[in-house]
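First the structure, in the form of structure tokens, and then the observations on it.
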Amino acid sequence: MTHTFKTTAIAAIVASMALAAPMSAHAGSIGKKALKGAVAGAVISEITGGDAEDGAKIGAAAGALSGAIDKNRKNDRRSHKNGKDKRR
């Protein structure tokens, strides 16, 4: 087995185990987006000849940031809808 094949196989196994494991309700959208970003980053990095581990780290960070932004927007919409705008 070549190093690239081993890395790809390990990344695929880890990704499938992570996606098969039930997500905690506490993790919410941030955790789900971080997980999706990590898997996407690892796969894209591996396909383009980069290091899957570095791609997973970057993808997880981008996914978590996206999830945090979405969660913040949802909270803002709820507070505006309920008339509890804290910025007044």
Legend entry - Single condition residue 7 does not satisfy, out of (1) in a helix (DSSP H, G or I); (2) loosely packed, with under 12 Cβ neighbours inside 10 Å; (3) modelled with pLDDT of 70 or more: (2)
Legend entry - Tally, over region 66-83, of residues that are surrounded by 11 or more Cβ atoms within 10 Å (Cβ to Cβ), charged (D, E, K, R) and farther than 13 Å from residue 30 by Cα: 1
Inset, instruction - Please go through region 14-33 and pick out each residue that is at pLDDT 65 or above and more than 24 Å from residue 4 (Cα to Cα). - result: 28, 29, 30, 31, 32, 33
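The values are calculated or read from the model by the stated rules, or taken from the named source; none is laboratory data. Given the structure is predicted, the values throughout are model-derived calculations rather than measurements. Neighbour counts are summed over all protein chains in view; Cβ atoms, including those assigned to glycine, are modelled from backbone coordinates with ideal geometry.
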